[in-house]
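Notes follow the structure.
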Amino acid sequence: MALVNENYLKLPGSYLFAEIGRRVAKFKNDNPDADIIRLGIGDVTRALPPAIIESLHKAVDEMADLQTFKGYGPEQGYDFLIQKVIEYDYTPRGIKLDNDEVFISDGSKCDTGNIQEIFGLDNMIAVTDPVYPVYVDTNVMAGRAGVLGSDGKFDKITYIPCTAENKFIPELPKNKVDIIYLCFPNNPTGMTIPKCELKKWVDYAKANKAIILYDGAYEAYIQESDIPHSIYEIEGAKEVAIEFRSFSKNAGFTGTRCAYTVVPKEVMAYTKDGEAIQLNKLWNRRQTTKFNGVPYIIQKGAAAVYTEEGQKQIKALVDYYMTNAAIIREGIKSIGLEVFGGVNAPYIWLKTPNGMDSWSFFDKLLTEANIVGTPGVGFGPSGQGYFRLTAFGSKENTEKAIERFKTRLKI
Ligand code: MLT
């Protein structure tokens, strides 16, 4: 008799964005004429920039030629891309990395989900709350989370509330934790963390031999100075942090798939006997066994991000979405709702009107204004009473959505 992995049975019914999709599909079915504007899932809508397209085309042609054809590539990624990542994303910030500390992959969702495999099952996990659901769900699947209580929390996970009350800055936990997921600029709140606060976490990790899993997928959206672009800007972070970055949100790769994960050789975790083990080696072992690398063509496309034209074009993309973010922020504020984020991130996090719960507001917004957003509680119990909108739509739809907020939403 085949047995299932019963940990999967502990998961909530469906992945957040699948549940939203289900509700929207039902609404569409019941209201076929509704002109729905989707500001829910954080998926980009602009086409890939020309420099990237050109590079992709060239790479396709190379695959057609016996002389330049490529079969399996290195599981860790091609050096031509790794070198550019280091040269552009780290060296200018005074961060020194070796090529074999950067692992090219097909996405930060996969990497932040898979990374937990290299850690023991007895680790205490901490997440900020609200949180990108992948961090929690993958630990549930692995059997590290315990059971889901009526408070919406798994009993073996430490939830660190990030709400308006603490300005969305996570406070160090009272209990000891071993693995901490941090995401800044934050998904879903769109808020950032100053260096002095991030330093507290690095110091905590060093003092407790803990590891920080730092998701920097939205780094390109940082506009203000003084906000860390990489956790390695904090002294000592290379000993305790793994960082995830992606081409999805800065260069429009959500459907093209390319990202990278930095695992410095100094980062150690321990055997039960206290022997220090390099996580870089374990991640390399995991990737070489389970992953055959990102397609050459796609890596060539990603490398074009780091050309002069590519840099200009991805900045224009980010600017486009940040204009939307400003339109949403100002529009929502003008109708008297409290709004956060959207200054250094493509997400706007608002307080629902009249203390309404997140899913009720989701239904109200969909019914009255035909707008899809993401209920804050879907990201964790501290997201209750909040709601997320994304700036990744077209400018036209963003303006239309805000007009509907003003004219159709009854609050
Ligand atoms: C989101 O809406 O939170 C994004 O789709 C996250 C992701 O990139 O998977």
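The values are calculated or read from the model by the stated rules, or taken from the named source; none is laboratory data. All figures in this text were calculated on a predicted structure; none of them were measured in a lab. Backbone-built Cβ (ideal geometry, glycine too); neighbour counts: all protein chains shown.
Looking at Glu101, Glu62 in this structure, which one is in contact with a Lys or Arg (Cβ under 7 Å, 6 or more places away or on another chain), outside the structural domain of Pro375 (by TED's automatic domain parsing), modelled with pLDDT of 95 or more and among the acidic types (Asp, Glu)?
Result of the check over Glu101, Glu62: Glu101.
One line per residue, one yes/no per condition, for (1) part of a helix (DSSP H, G or I); (2) touching a residue at least 40 places away in the same chain (Cβ under 8 Å):
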site	(1), (2)
Arg46	no, yes
Ile52	yes, yes
Leu56	yes, yes
Ala59	yes, yes
Asp65	no, no
Phe69	no, no
Gly73	no, yes
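Answer with yes or no whether Ile37 is modelled with pLDDT of 95 or more and either more than 30 Å from Thr323 (Cα to Cα) or surrounded by 11 or more Cβ atoms within 10 Å (Cβ to Cβ) (or both).
Considered against the rule, which asks whether it is modelled with pLDDT of 95 or more and either more than 30 Å from Thr323 (Cα to Cα) or surrounded by 11 or more Cβ atoms within 10 Å (Cβ to Cβ) (or both), Ile37 comes out as yes.
Please work out which one of (1) under 28 Å from Gly216 (Cβ atoms); (2) surrounded by fewer than 21 Cβ atoms within 10 Å (Cβ to Cβ) is the condition Ile335 fails and give its number.
Single failed check for Ile335: (1).
So the check is Cβ under 7 Å with 6+ separation or different chains; which pairs have a first residue in the range 242-263 that's outside the structural domain of Ile180 (by TED's automatic domain parsing) and of a type in the set (A, V, I, L, M, F, W, C) and a second one that's more than 13 Å from the ligand (Cβ to nearest atom) and not in a strand (DSSP E or B)?
Hits for this filter: zero, empty list.
Answer yes or no as to whether Glu239 is touching a helix residue (DSSP H, G or I) at 6+ places or on another chain (Cβ under 7 Å), charged (D, E, K, R) and either over 21 Å from Tyr135 (Cα atoms) or without any contact (Cβ under 8 Å) to a residue 12 or more places away in the chain (or both).
Answer is yes for this residue.
Take the range 202-239 and flag every residue that is out of contact with any Phe, Trp or Tyr (no Cβ under 9 Å at 6 or more places or on another chain) and either surrounded by 23 or more Cβ atoms within 10 Å (Cβ to Cβ) or in a helix (DSSP H, G or I) (or both).
Val202, Asp203, Tyr204, Ala205, Lys206, Ala207, Asn208, Ala220, Glu233, Glu239
For the range 328-411, which fully contained strands (runs of 3 or more DSSP E) count at least 3 residues that are in contact (Cβ under 8 Å) with a residue 60 or more places away in the chain and within 16 Å of the ligand (Cβ to nearest atom)?
347-351, 386-390
From the residues in the range 116-131 that are β-branched (Val, Ile, Thr) and away from the ligand (no atom under 15 Å from the Cβ), which one is surrounded by the fewest Cβ atoms within 10 Å (Cβ to Cβ)?
Applying the filter and picking the extreme gives Ile118.
Quick one: count up the residues across the range 210-267 that are at pLDDT below 95 and either within 15 Å of the ligand (Cβ to nearest atom) or closer than 24 Å to Leu172 by Cα (or both).
Residues meeting the conditions: 1.
Test each condition in (1) away from the ligand (no atom under 16 Å from the Cβ); (2) buried (at least 20 other Cβ atoms within 10 Å of the Cβ) for Lys109 and report the one that comes out false.
With (1) away from the ligand (no atom under 16 Å from the Cβ); (2) buried (at least 20 other Cβ atoms within 10 Å of the Cβ) applied to Lys109, the lone miss is (1).
So, in the range 174-192, how many residues would count as being within 16 Å of the ligand (Cβ to nearest atom) and part of a strand (DSSP E or B)?
Qualifying residue count, the range 174-192: 3.
Between a residue in the range 26-43 that is farther than 29 Å from Tyr132 by Cα and in the same structural domain as Glu368 (by TED's automatic domain parsing) and any residue that is more than 11 Å from the ligand (Cβ to nearest atom) and in a loop (DSSP other than H, G, I, E, B), which pairs come within a Cβ distance under 6 Å, given they are 6 or more apart or on different chains?
Pairs found: Ala34/Asn370.
Can we say Asn31 is exposed (fewer than 12 other Cβ atoms within 10 Å of the Cβ) and more than 16 Å from the ligand (Cβ to nearest atom)?
No, not satisfied.
Results for (1) buried (at least 24 other Cβ atoms within 10 Å of the Cβ); (2) β-branched (Val, Ile, Thr), shown as yes or no for each residue.
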site	(1), (2)
Pro346	yes, no
Trp349	yes, no
Gly355	no, no
Asp363	no, no
Thr367	no, yes
Gln384	no, no
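Can you find, within the range 49-84, the residue that is surrounded by the most Cβ atoms within 10 Å (Cβ to Cβ) among those that are within 13 Å of Lys300 (Cβ to Cβ) and polar (S, T, N, Q)?
Ser55
Look through the range 312-327, keep the residues that are of a type outside the set (A, V, I, L, M), in contact (Cβ under 8 Å) with a residue 60 or more places away in the chain and surrounded by fewer than 19 Cβ atoms within 10 Å (Cβ to Cβ), and return whichever of them is farthest from Val60 (Cα to Cα).
Checked the range 312-327; the qualifying residue farthest from Val60 (Cα to Cα) is Thr323.
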